[in-house]
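To start, the structure itself, in structure tokens.
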Amino acid sequence: MSNDLLVLDQVRLDIPAGRDWRTLVENVSLTIAPGEAVGLVGESGSGKSMTARSVLRLAPPGARLSGRIEFDGTPVLDLGPRDLRALRTRRIAMIFQDPRAHINPVRSIGDFLTEAMVTHLSVPAREAHARAVRLLADVGIADGERRMRQHPHELSGGLLQRVMIASVLAVEPDLVLADEPTTALDVTTQSEVMAILDDLRRERGMAMLLITHDLELAAATCDRIAVMYAGRILEVQSAETLVQTPRHPYTTGLMVSRPSIDRVAHRLPVIAGRPVAAFEAGAGCAFQPRCTQAGPECLTGRPPLRELAGAHVACVRAEES
Amino acid sequence: MTEILVRADGLQKVFGKDMVAVDDVSFTVARGQSLAVVGESGSGKTTVARMLLGLETPTGGTISVCGRVRQGRAGSAERRRRAREIQIVFQDPYSSLDPLQHIGDVIETGLALHFPLTATERRTRALELLEAVGLTERHAVMLPRQLSGGQRQRVAIARAIAVEPKVLVLDEAVAALDVSIQAQILNLLADIRERTGISYVFISHDLAVVNQISDTAIVMAAGRVVERGPTAELLRTPQEDYTKALLAAVPRPGWKPRRRTPSPSGSPAGTP
Ligand SMILES: Nc1ncnc2c1ncn2[C@@H]1O[C@H](COP(=O)(O)OP(=O)(O)OP(=O)(O)O)[C@@H](O)[C@H]1O
Ligand SMILES: Nc1ncnc2c1ncn2[C@@H]1O[C@H](COP(=O)(O)OP(=O)(O)OP(=O)(O)O)[C@@H](O)[C@H]1O
Ligand code: SF4
Ligand SMILES: [Mg+2]
Ligand SMILES: [Mg+2]
């Protein structure tokens, strides 16, 4: 039907809480085309990580995952254990904010890099080693032979994140889920890591879902951006048009409340209150308690995503702002 | 003339035998001034902050706060006086709050230590302080874990300003906060400074935040100050390559991520 590599359709994730269920992700619909970079932007607790984990069916134990998730035409929620493992190890890779927590500290960088190739791709050990050194060069680490013998604690956060990216490249996935890959890094290192990801992605035609709370980073590195709040996607637009004409009051609020290196505001325009998780949101529009545009019509049901001048917006008053 | 509250002169800190974390760092902070300290991870910012607070002893150089040179271990009376001169807020307020102490008591404990107030006066003052940082009576009876990260950061700020210090050091105090909460706290800090004339030493690697909150800045690299000046000037017309590189790395409209080294071969200079 569609050419999309990944399709999320009304994806919902609930976790058990006593005798009740708590919604963490609520009716998320999103697509990613082959080779496309999509930014998933939102504040903490909005459900970004849970959305990404849902794609790999890595939800917390006991969770209920519903809706439709299709990867390359295959329904992910119907996959058996064997196919699911293949999906996780060969076709979709994940990069995390804190590489240190995801790389075994007692094993060498070399072991970490070659393991996936040897066990999942049946690459002979010697070849895997040579390939790992080449991959390290690709991510800007020249003295690969030496690095292969080192352990995680001997590498800075920036270097370790590059190792993580190299490990992802080793399996040449079709889709990379990058969950705040640069949040723990300096801006200069962030720039470099993003450039590396960007180059390699283009060269190899990989698609990427970039999870970040930094709208400007997403705008500069992604084709499209989805803005998430309280478990829902409130707005989707091309990166270029989103920063010029944000359609959702929340997106606008995020943009103007962020300080700038070019301007000083006497006081920053703020979004009052705090961000909430899906299960904390009341009836009606989840953003309503913090929204300056809110009216009585905002309290009747969650506004669905609808098309408006090339954008998708979940706000009943989007035309007015 | 503007009164100089903090004077750091030739500060040096060596850890172990030869780990030079801070090297020949000098700056002053005047009353009501907001000084930013920027630089990459590991450049020595926190070490400078810890020396200012007396949490770390300088290997070389001097620090004077409110006209008195800081040296040696302080007795309890001296420590109390110092606490009213300079306070600090860290990035993660969770670790510095007692998990079993109610928020109201957190503030009252600080007040009891420094001011001769009756229990009623103390309670009233604690509520005023919580209100000043946008919290309410409702929060006073809560425990740290019942608050959001942004709310805990407010408590840490309220606790620090409770003793009415002349200087407040903020070490990445807004770094972990959500964009919308960060903006609220930056405004709050601006309000407090306007109202009380407090001085800030604002440590951050976020140049946009620094632009908003400070009037002067020093840029640190590998323990040394590589550039200094009025923040606006420094960000608009940086002189040093290091500052230029920091600025060039900040995402903004039209920005593209760049590798430090143009080709994938060769590890960039300066990485361990
Ligand atoms: N294992 C878990 N069990 C129960 N609730 C969880 C679990 N993990 C996350 N949550 C909750 O689910 C909601 C969404 O979390 P998620 O991690 O997806 O947010 P996020 O958008 O990635 O936030 P952040 O920017 O802080 O990483 C939050 O309210 C969080 O507290
Ligand atoms: N107690 C210590 N013992 C040994 N080395 C230390 C100690 N504290 C800090 N260092 C080292 O001193 C240098 C400066 O550290 P510092 O924490 O001051 O940097 P920073 O600029 O605050 O970095 P960040 O932005 O990551 O917080 C680093 O190389 C650090 O590893
Ligand atoms: S639907 Fe109403 S409350 Fe929600 S964002 Fe739009 S105007 Fe604001
Ligand atoms: Mg997350
Ligand atoms: Mg620090």
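The values are calculated or read from the model by the stated rules, or taken from the named source; none is laboratory data. Source: prediction; values computed, not measured. Note: ideal-geometry Cβ built from the backbone for every residue, glycine included; neighbour counts use all protein chains shown. Each accessible area value is taken on the protein alone, full model and side chains, heavy atoms only, with ligands, DNA and RNA left out. Shrake-Rupley method; radii C 1.70, N 1.55, O 1.52, S 1.80 Å.
Listed values, structure above:
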{"read-out": "Residue that is least open to solvent (accessible area, probe 1.4 Å), among those in the range A:284-302 that are of a type outside the set (A, V, I, L, M, F, W, C) and farther than 17 Å from A:GLY231 by Cα", "value": "A:GLY295"}
{"read-out": "Complete set of residues in the range A:22-49 that are over 23 Å from A:ARG64 (Cα atoms), open to solvent by 10 Å² or more (accessible area, probe 1.4 Å) and either near ligand 1 (Cβ under 7 Å from one of its atoms) or not hydrophobic (A, V, I, L, M, F, W, C) (or both)", "value": "A:PRO34, A:GLY35, A:GLU36"}
{"read-out": "Residue within the range A:186-204 that is modelled with pLDDT of 95 or more and more than 27 Å from B:ALA245 (Cα to Cα) present", "value": "no"}
{"read-out": "Residue check, B:VAL25 within 16 Å of ligand 2 (Cβ to nearest atom), farther than 21 Å from B:SER204 by Cβ and in contact (Cβ under 8 Å) with a residue 12 or more places away in the chain", "value": "no"}
{"read-out": "Selection status of A:THR221, away from ligand 2 (no atom under 16 Å from the Cβ) and within 11 Å of another protein chain (Cβ to nearest Cβ)", "value": "yes"}
{"read-out": "Residue in the range B:48-71 that is closer than 10 Å to B:GLY223 by Cα, among the small types (Gly, Ala, Ser) and open to solvent by 20 Å² or more (accessible area, probe 1.4 Å) present", "value": "no"}
{"read-out": "Output for the range A:262-283, where each listed residue is more than 12 Å from chain B (Cβ to nearest Cβ) and either within 16 Å of ligand 2 (Cβ to nearest atom) or surrounded by 14 or more Cβ atoms within 10 Å (Cβ to Cβ) (or both)", "value": "A:ALA278, A:PHE279, A:ALA281"}
{"read-out": "Condition check for A:GLU235: among the acidic types (Asp, Glu) and either surrounded by fewer than 24 Cβ atoms within 10 Å (Cβ to Cβ) or in a helix (DSSP H, G or I) (or both)", "value": "no"}
{"read-out": "Subset tally (residues that are more than 20 Å from the chain's Cα centre (by Cα) and either of a type outside the set (Gly, Ala, Ser) or within 16 Å of ligand 3 (Cβ to nearest atom) (or both)) for the range A:1-30", "value": "8"}
{"read-out": "Any hit, the range A:55-74, residues being within 13 Å of the chain's Cα centre (by Cα), more than 16 Å from ligand 5 (Cβ to nearest atom) and modelled with pLDDT of 95 or more", "value": "yes"}
{"read-out": "Segments classed as strands (runs of 3 or more DSSP E), wholly inside the range A:1-85, with at least 3 members that are away from chain B (no Cβ under 14 Å)", "value": "A:6-17, A:20-32, A:64-71"}
{"read-out": "Criterion violated by A:PRO246 - all others in (1) in a loop (DSSP other than H, G, I, E, B); (2) closer than 27 Å to B:ALA217 by Cβ; (3) not acidic (Asp, Glu) satisfied", "value": "(2)"}
{"read-out": "Sole residue being away from ligand 1 (no atom under 16 Å from the Cβ), out of contact with any Leu (no Cβ under 8 Å at 6 or more places or on another chain) and either in the same structural domain as B:VAL226 (by TED's automatic domain parsing) or on the phi > 0 side of the Ramachandran plot (or both), chosen from B:GLY10, B:GLY60", "value": "B:GLY10"}
{"read-out": "Residue within the range A:87-99 that is open to solvent by 30 Å² or more (accessible area, probe 1.4 Å) and within 14 Å of chain B (Cβ to nearest Cβ) present", "value": "yes"}
{"read-out": "Filtered residues of the range A:173-187 (kept if outside any loop (DSSP other than H, G, I, E, B) and facing chain B (nearest Cβ under 9 Å))", "value": "A:VAL187"}
{"read-out": "Residues being in a loop (DSSP other than H, G, I, E, B) and either in contact with a strand residue (DSSP E or B) (Cβ under 8 Å, 6 or more places away or on another chain) or without any contact (Cβ under 8 Å) to a residue 24 or more places away in the chain (or both) - total across the range A:126-155", "value": "2"}
{"read-out": "Helices (runs of 4 or more DSSP H) (entirely within the range B:105-215) containing at least 1 residues that are open to solvent by 60 Å² or more (accessible area, probe 1.4 Å) and away from chain A (no Cβ under 11 Å)", "value": "B:119-132, B:137-140, B:149-162, B:179-196"}
{"read-out": "Failed condition for B:THR237, given (1) open to solvent by less than 10 Å² (accessible area, probe 1.4 Å); (2) β-branched (Val, Ile, Thr); (3) away from every other protein chain (no Cβ under 11 Å)", "value": "(1)"}
{"read-out": "Qualifying helices (runs of 4 or more DSSP H) (wholly inside the range B:1-99; at least 3 residues being within 16 Å of ligand 5 (Cβ to nearest atom), among the aromatic types (Phe, Trp, Tyr) and more than 14 Å from every other protein chain (Cβ to nearest Cβ))", "value": "none"}
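This table checks each residue for (1) facing chain B (nearest Cβ under 10 Å); (2) open to solvent by 10 Å² or more (accessible area, probe 1.4 Å); (3) in contact with a Lys or Arg (Cβ under 7 Å, 6 or more places away or on another chain); (4) within 26 Å of B:ARG252 (Cα to Cα).
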site	(1), (2), (3), (4)
A:ALA125	no, yes, no, no
A:ALA130	no, yes, no, no
A:VAL171	no, yes, yes, no
A:THR189	yes, yes, no, yes
A:MET194	yes, no, no, yes
A:ASP198	yes, yes, no, yes
